[in-house]
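Working notes, beginning with the structure itself.
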Amino acid sequence: MRGIIPKHLQARFNALDKLQARKNLPAPWQEPVFFAIGGLTCAGFAENSDLLLTVSHDGRGVLDCHEGSMIARDDSNEFNFDFGNLKVEGIGPLAGQKVHMSGLYGGGLACQTTDGWSIERHPLSWPDDELFLSPPGQTLLGSHADQPVDVSKLANFSSEIRAFGFSPTGRSLIIATAADISLFRR
């Protein structure tokens with residue numbers, strides 16, 4: 001059941017609800033790459049990079065989101081998670097760095113790029129998860145309810161969304177669920 005929608009936003013929410021969910025995003029975004037990561041709890045980008053640290057019940061991994069590949073894996077659960085600051089020590093190319101995480105324990109990734117792309121969670125879609133990618137100059141709600149909707153709806157995820165957002169470079173977008181990561185690159 002959806003929450004109560006203010007009258008001035010009803011037309012916009014109706015238009016969003018009618019959009020078909022997409023697997024691919026508009027240009028310049030490339031076809032997604034998927035990584036199965038069972039038991040994923042959180043993920044976070046290293047500063048000023050497209051390197052993504054993932055944490056699951058089975059250890060840590062590092063994805064090079066620019067290249068679309070897994071570049072490091074550690075199956076050990078013996079690592080320090082700073083729950084107060086939501087930081088985890090990296091592995092592989094991120095060894096010695098503390099990475100801010102987003103996921104099951106809180107936090108968040110960047111929801112907008114410096115050139116204006118944004119990703120937002122539909123505020124009234126609970127219990128379903130729906131995300132919307134908006135090009136520069138648009139938002140989930142647009143500037144006026146009568147504007148055409150120029151956003152991409154992402155829905156029907158394999159499991160609960162744990163984290164979503166852009167890398168610090170703005171070249172990568174991830175959607176992390178409890179079971180996998182969808183990686184979009186440009």
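A single member of Asp150, Asp180 is surrounded by fewer than 16 Cβ atoms within 10 Å (Cβ to Cβ) and either basic (Lys, Arg) or closer than 22 Å to Arg22 by Cα (or both), and it is Asp150. Does Ser69 count as without any contact (Cβ under 8 Å) to a residue 12 or more places away in the chain, small (Gly, Ala, Ser) and closer than 14 Å to Ile181 by Cα? Considered against the rule, which asks whether it is without any contact (Cβ under 8 Å) to a residue 12 or more places away in the chain, small (Gly, Ala, Ser) and closer than 14 Å to Ile181 by Cα, Ser69 comes out as yes.
Considering only region 8-67, how many residues are aliphatic (A, V, I, L, M) and over 17 Å from the mean Cα position of the chain (by Cα)? Steps first, answer last, please.
Kept after step one, since they are aliphatic (A, V, I, L, M), are these residues of region 8-67: 9, 11, 15-16, 19, 21, 25, 27, 33, 36-37, 40, 43, 46, 51-53, 55, 62-63.
Applying the additional criterion that residues be over 17 Å from the mean Cα position of the chain (by Cα) yields 9, 11, 15-16, 19, 27.
Of the residues in that region, 6 qualify.
Can you pull out every residue in region 12-39 that is surrounded by 13 or more Cβ atoms within 10 Å (Cβ to Cβ), farther than 23 Å from Glu67 by Cβ and among the aliphatic types (A, V, I, L, M)? Hits for region 12-39 are Ala15, Leu16, Leu19.
Hey, does region 93-114 have a residue that's surrounded by 19 or more Cβ atoms within 10 Å (Cβ to Cβ), in contact (Cβ under 8 Å) with a residue 12 or more places away in the chain and within 26 Å of Ala15 (Cα to Cα)? Before you say what the answer is, go through the steps one by one.
Step one: filter region 93-114 for residues surrounded by 19 or more Cβ atoms within 10 Å (Cβ to Cβ), giving 94, 99, 101-103, 109, 113.
Next, from what is left, pick out any that are in contact (Cβ under 8 Å) with a residue 12 or more places away in the chain: 94, 99, 101-103, 109, 113.
Those left that are additionally within 26 Å of Ala15 (Cα to Cα): 113.
Yes: one or more hits.
Selection of first residues in region 23-43 that are assigned to a strand (DSSP E or B) and of second residues that are of a type in the set (Lys, Arg) and crowded, with 19+ Cβ neighbours inside 10 Å, restricted to Cβ pairs under 7 Å at least 6 apart or on distinct chains, gives the following pairs, ordered by first then second residue: Leu40/Arg162; Thr41/Arg162; Cys42/Arg162. Counting only strands (runs of 3 or more DSSP E) that sit wholly inside region 64-172, those with at least 1 residues that are at pLDDT below 95 and in contact with a Cys (Cβ under 7 Å, 6 or more places away or on another chain) are 118-121.
The values are calculated or read from the model by the stated rules, or taken from the named source; none is laboratory data. What you see is a predicted model; the values in this text were computed from it and never measured. Reconstructed Cβ throughout: ideal geometry from the backbone, glycine too, with neighbour counts over all protein chains shown.
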